[in-house]
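Trainee: Sharing a structure below in structure tokens format, with a few things to ask.
The values are calculated or read from the model by the stated rules, or taken from the named source; none is laboratory data. Nothing here was measured: the structure is a model prediction, and the numbers come from that model. Every residue, glycine among them, receives a Cβ derived from its backbone with ideal geometry; neighbour counts consider all protein chains shown. Accessible surface is based on the protein model in full, side chains and every heavy atom, while ligands, DNA and RNA are left aside. Shrake-Rupley method; radii C 1.70, N 1.55, O 1.52, S 1.80 Å.
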Amino acid sequence: MRVFHFSLIVLLSLSLHGFLAAQSGPGAYAGGYARNGNTFFFSNERADVRLEFCTPSMIRVRTSWNRKFEDNEPWMVVAYQWPEMAISASEEKARFVFQTARLKVIVQKTPFAVDVFTAEGAPLLSETALKGSGGAQKEGDAVLCRKQLGPDEHFFGFGERMDFVDQRNKLVKLNVGRGNARPHIIGAYNVLQANYCPVPFFMSTRGYGIFLHNSFANEWDMGATQPGAYSFKAKNGELDYYVIYGPTFPAILDQYTQLTGKAPLMPQFALGLQVGTYSGGTWGHEEKTSGEYVVHLVRKFRELGIPIDILHLDSTWRVFGKNGGKGATSFEWRETFTNPKSMFDSLYAMHINLAGVHIRPRFDNGNKLTLLDQARTLGYTYKEGGNPGEFVNFFDPKAVDWWWQNGVMNVAGIGARFFKTDEGSAFGSMANESDKVGPTGLEAEKLHNVFPIAYAKAPYEKFSAFNGMRGMNHTREGYAGIQRYPFIFAGDWPSEWQYFAPVIKAGINIGLSGVGNWAHCMGGFEHDADPELYIRWCQFGLLSPVAHLFGMDHPGYKEPWNYGEEGLKNFKKYTLFRYRLLPYLYSHSYDMYRTGMPLMRAVALEQQEEEKVDAIADQYFLGSQMMVCPVTVKGAQTREVYLPEGTWFDYTTGKKYEGKQYLQVLTPLDQIPILVKGGAIIPLQEPVQYIGEKPANFFTLEIFPKGESAFTLYDDDGTSLDYQKGIFAQTNISCKETGGEVLVVIDTPKGPFAVVERSYLLAIRRDSAPALVTSAGTALPATGGLTALKQASSPAGWHYDAENKVLYVQPGGNNRTRIQVTVK
């Protein structure tokens, strides 16, 4: 937590004449005070307030002007029951004082206000300092809360924002959807209005976070219009928010995702390459679609030696019905697909691990299937005004069951194993391809933001049960809690340089908002990509949490062989590198499930104490050890990188740098700059063409010695839910550098999961050849080259690569015994 020295801020621009007349706070405390466990109740002149202590570090504040509190909802929050804890509570003449082991909360009686401090008394949030203009307010139907804005306080989160990383002094509007203006260049492609996955949550550099538990459209004025104050406002509903004290960002994220749900592990092969296809015919070319195109596409990946694990068929696989057209789902195959079951069989015979199809949330009638008519008759569509509507009512379990049995099983029954759920934003808002807005009214407005969660939840859970493995759903929209049904992608951004950097911001921001399984369309979605842009965007995409290749451009479709020899070479290089990184990525995926820390991390998330990193929006951590720096400028031969505090290594050259400095690095077209922390340990597996092709029985451990460091390697079966029962194994790998000596220790796996017998090759970055290398106290011989060391059955020995300054050590043995290597 950064330390700020506060003085009372004079709110020059906040003239209260006429201002308070339009607003209504709770009023003065009226004498009604009660306690029930961790919850304290206050009756005030105009509203009732509940203050609940969820944990010693988290409180929930609710204000109701009608003196009725809403029932707990199941979409955003999953944890409502909290164990009783020790809370000191006392009443004084002008205030109440509450204290836990981590927080001190002071409730002022007149005017009613809630101030939060650390247990030691350091200020976190103040309403009292705003002299009557702070705290809970009601403006017509809207509810809001205003708090003091600290000097140099900065804010991170708010979901998949494409505009800024630090939102201080910004006005942030959150409501699922995108710009509606025409042409698309100022509407759907307006990065300032991009809201595919808003999340009403932020983290402050003062060491706390706020989550607004309200599903109506909301607005956050983070000092944009009121110097010295920030506020959050929902269009309707209850004023219900949580304050979460860290003070570190990781601690805040851990608690926020405890509240809204952790991201479960996807099948391990979901970290492989995922490809989408229009089956040879995008919109306007539907007659060109076929199952043969799809099979040929995968065969070409295999022939070129480019790994691939997952494939989805986008919208042109299905008949576009007469009622909803492209915006609805008939679940009826287009006549150009003569044998879709044979197509799926062929895909799985080529070791595609998962194949699926694209859908939209409206029912439609096809040429043979009349699902819309049937669902309306049965009441399984969500009503729209005076008519039965078109949207599947994903809030109704019976409607979901009927949708699955009568719609989904038409494709699941012949081989589809997951969905891409598109256009969840159309519920209660304008659809992409029409002027339809779906349900309207107050209830629809309340459900609009959580509809994408219900929409993703249904296929995620149904397919998980049907497939007998972990779930995976590919979706475009979300809100708080969407991380429970991974994964989400960044939406439909054109293949233009101007959108590349904003997509990177989207990945950084959504990770800061508790959503870690995230993807984007490599190379952009619409338009034919400039080959250089395609290369740069794919480098970033293959080092993103989920690697997703998909394009709408006909006939290129972002297939790598359509973007020149360099484009193909680059794509294959970084795809193979991603597959080698699988142990590193999968271990961090388990960390995300356990702690909420995303795979793609803002520099500020890892280096919270450094103010210089607050605005960094074009470099990020991939896991905890690697910092990736995409090149977003056409023709760039260099780019500027900021190195945070510590020691850093250039991943390609091994050159060492000290941090807290800006660095100009070379950016040849075939390389994306990657820097790794001093002390990093990065496990790599051998290249494969698909996950599960062969046992992961030989790992290379890339080690960048600096002080003492460690990495925990995670293993499980890769597909079942047994990990939630504790059936997994972890291997601790440590490195200690003292003077000219390096000690590497690889422990045996710990845990009930039986790890395959595995050997290791150490690749240690160092400036000179060693005088002595020992394994378990026995001196190892130098070998004639690296080749002799690169097999699981290779004899123990070492080789120093003087050109690349890497010491390779084959220690002998395997993971059945502890391995200890010393380099002197």
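Trainee: Would you confirm whether or not region 689-700 contains a residue that is touching an Asp or Glu at 6+ places or on another chain (Cβ under 6 Å), closer than 30 Å to TYR563 by Cβ and not aliphatic (A, V, I, L, M)?
Mentor: yes
Trainee: With the requirement that a residue be over 18 Å from VAL450 (Cβ atoms) and surrounded by fewer than 17 Cβ atoms within 10 Å (Cβ to Cβ), what does region 171-182 give you?
Mentor: LEU171, ASN180, ALA181, ARG182
Trainee: Does at least one position in region 625-643 carry a residue that is over 27 Å from TYR485 (Cα atoms) and in contact with a Gly (Cβ under 8 Å, 6 or more places away or on another chain)?
Mentor: Yes, because at least one residue in region 625-643 is over 27 Å from TYR485 (Cα atoms) and in contact with a Gly (Cβ under 8 Å, 6 or more places away or on another chain).
Trainee: Moving on to the next point. So ALA263 clears everything in (1) touching a residue at least 60 places away in the same chain (Cβ under 8 Å); (2) out of contact with any Ser or Thr (no Cβ under 6 Å at 6 or more places or on another chain); (3) open to solvent by less than 10 Å² (accessible area, probe 1.4 Å); (4) assigned to a strand (DSSP E or B) except one condition, right? Which one?
Mentor: (4)
Trainee: So, TRP82, is that one touching a helix residue (DSSP H, G or I) at 6+ places or on another chain (Cβ under 6 Å) and in a loop (DSSP other than H, G, I, E, B) or not?
Mentor: On the way: touching a helix residue (DSSP H, G or I) at 6+ places or on another chain (Cβ under 6 Å): no; in a loop (DSSP other than H, G, I, E, B): yes.
So TRP82 does not fit the description; no.
Trainee: Still on this structure, I have one more. For ILE510, state whether it is assigned to a helix (DSSP H, G or I), β-branched (Val, Ile, Thr) and either open to solvent by 10 Å² or more (accessible area, probe 1.4 Å) or touching a Ser or Thr at 6+ places or on another chain (Cβ under 8 Å) (or both).
Mentor: Values: assigned to a helix (DSSP H, G or I): yes; β-branched (Val, Ile, Thr): yes; either open to solvent by 10 Å² or more (accessible area, probe 1.4 Å) or touching a Ser or Thr at 6+ places or on another chain (Cβ under 8 Å) (or both): no.
Spelling it out, it is not the case that ILE510 is assigned to a helix (DSSP H, G or I), β-branched (Val, Ile, Thr) and either open to solvent by 10 Å² or more (accessible area, probe 1.4 Å) or touching a Ser or Thr at 6+ places or on another chain (Cβ under 8 Å) (or both).
Trainee: When region 101-120 is examined, which residues are found to be more than 16 Å from VAL61 (Cα to Cα), touching a Ser or Thr at 6+ places or on another chain (Cβ under 9 Å) and open to solvent by less than 50 Å² (accessible area, probe 1.4 Å)?
Mentor: ALA119 - this is the single residue of region 101-120 that is more than 16 Å from VAL61 (Cα to Cα), touching a Ser or Thr at 6+ places or on another chain (Cβ under 9 Å) and open to solvent by less than 50 Å² (accessible area, probe 1.4 Å).
Trainee: Oh, and also: Determine the pairs where a residue that is surrounded by fewer than 22 Cβ atoms within 10 Å (Cβ to Cβ), located within region 440-458, has a partner that is of a type in the set (Asp, Glu) with Cβ atoms under 8 Å apart, the partner being 6 or more residues away or on another chain.
Mentor: THR440/GLU384
Trainee: Can you find a residue in region 2-25 that is outside any loop (DSSP other than H, G, I, E, B), surrounded by 14 or more Cβ atoms within 10 Å (Cβ to Cβ) and at pLDDT 95 or above?
Mentor: No, there is no match, as no residue in region 2-25 is outside any loop (DSSP other than H, G, I, E, B), surrounded by 14 or more Cβ atoms within 10 Å (Cβ to Cβ) and at pLDDT 95 or above.
Trainee: Would you say PHE728 is at pLDDT 95 or above, closer than 24 Å to LEU786 by Cβ and surrounded by 15 or more Cβ atoms within 10 Å (Cβ to Cβ)?
Mentor: no
Trainee: Only one of (1) open to solvent by 10 Å² or more (accessible area, probe 1.4 Å); (2) part of a strand (DSSP E or B); (3) not small (Gly, Ala, Ser) fails for LEU144. Which number is that?
Mentor: Looking at each condition in turn, LEU144 falls short on (1).
Trainee: Out of all the residues in region 459-485, which are of a type in the set (S, T, N, Q), surrounded by 24 or more Cβ atoms within 10 Å (Cβ to Cβ) and in a helix (DSSP H, G or I)?
Mentor: Residue satisfying the conditions is GLN483 alone.
Trainee: What are the pairs, 6+ residues apart or on separate chains, where a residue within region 97-118 that is closer than 23 Å to ARG46 by Cα has its Cβ under 6 Å from a residue that is outside any strand (DSSP E or B) and hydroxyl-bearing (Ser, Thr, Tyr)?
Mentor: So the pair list comes out as GLN108/THR128; ALA113/THR128; ASP115/SER126; ASP115/THR128.
Trainee: Give the residues of region 522-536 that are without any contact (Cβ under 8 Å) to a residue 60 or more places away in the chain and either assigned to a helix (DSSP H, G or I) or within 12 Å of PRO494 (Cβ to Cβ) (or both), sorted by residue number.
Mentor: Scanning region 522-536 gives GLY523, GLY524, PHE525, GLU526, HIS527, ASP528, ALA529, PRO531, TYR534.
Trainee: Listed residues GLU423, GLU461; which is acidic (Asp, Glu), within 23 Å of the chain's Cα centre (by Cα) and closer than 30 Å to THR595 by Cβ? Please lay out each step first, then the result.
Mentor: On the way: GLU423 fails: closer than 30 Å to THR595 by Cβ.
After applying the criteria, what remains is GLU461.
Trainee: For region 196-217, how many residues are out of contact with any Asp or Glu (no Cβ under 8 Å at 6 or more places or on another chain) and open to solvent by 10 Å² or more (accessible area, probe 1.4 Å)?
Mentor: 0
Trainee: Return the total of residues in region 151-160 being out of contact with any Asp or Glu (no Cβ under 8 Å at 6 or more places or on another chain) and open to solvent by less than 10 Å² (accessible area, probe 1.4 Å).
Mentor: Of the residues in region 151-160, 5 are out of contact with any Asp or Glu (no Cβ under 8 Å at 6 or more places or on another chain) and open to solvent by less than 10 Å² (accessible area, probe 1.4 Å).
Trainee: Go through region 127-141 and count every residue that is in contact (Cβ under 8 Å) with a residue 40 or more places away in the chain, in a loop (DSSP other than H, G, I, E, B) and not acidic (Asp, Glu). Step through it out loud before you land on a result.
Mentor: We begin by selecting, within region 127-141, every residue in contact (Cβ under 8 Å) with a residue 40 or more places away in the chain; these are 129-139, 141.
From the residues that got through so far, the ones that are in a loop (DSSP other than H, G, I, E, B) too are 131-134, 141.
From the residues that got through so far, the ones that are not acidic (Asp, Glu) too are 131-134.
Selection size over region 127-141: 4.
Trainee: Can you say whether ALA519 is buried (at least 24 other Cβ atoms within 10 Å of the Cβ) and farther than 22 Å from ARG362 by Cα, as far as the supplied structure shows?
Mentor: The answer is no for ALA519.
Trainee: Looking at the structure I just gave you, is ALA501 among the small types (Gly, Ala, Ser), surrounded by fewer than 24 Cβ atoms within 10 Å (Cβ to Cβ), farther than 29 Å from GLU566 by Cα and more than 13 Å from the chain's Cα centre (by Cα)? Let's see the steps before the verdict.
Mentor: Numbers: among the small types (Gly, Ala, Ser): yes; surrounded by fewer than 24 Cβ atoms within 10 Å (Cβ to Cβ): yes; farther than 29 Å from GLU566 by Cα: no; more than 13 Å from the chain's Cα centre (by Cα): yes.
Spelling it out, it is not the case that ALA501 is among the small types (Gly, Ala, Ser), surrounded by fewer than 24 Cβ atoms within 10 Å (Cβ to Cβ), farther than 29 Å from GLU566 by Cα and more than 13 Å from the chain's Cα centre (by Cα).
Trainee: Looking only at residues that are within 20 Å of PHE156 (Cβ to Cβ) and touching a Cys at 6+ places or on another chain (Cβ under 9 Å) in region 613-640, which one is most open to solvent (accessible area, probe 1.4 Å)?
Mentor: Just the residues of region 613-640 that are within 20 Å of PHE156 (Cβ to Cβ), to begin with: 613-624, 627-630.
Pick out the ones that are also touching a Cys at 6+ places or on another chain (Cβ under 9 Å) and you get 618-620.
Values: ASP618: 56, GLN619: 4, TYR620: 0 Å².
Out of the qualifying residues, it is ASP618.
Residue-wise test of (1) of a type outside the set (A, V, I, L, M, F, W, C); (2) in a strand (DSSP E or B).
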position	(1), (2)
THR653	yes, no
TYR657	yes, yes
TYR662	yes, yes
LEU669	no, no
LEU675	no, yes
GLY679	yes, no
ILE682	no, yes
VAL688	no, no
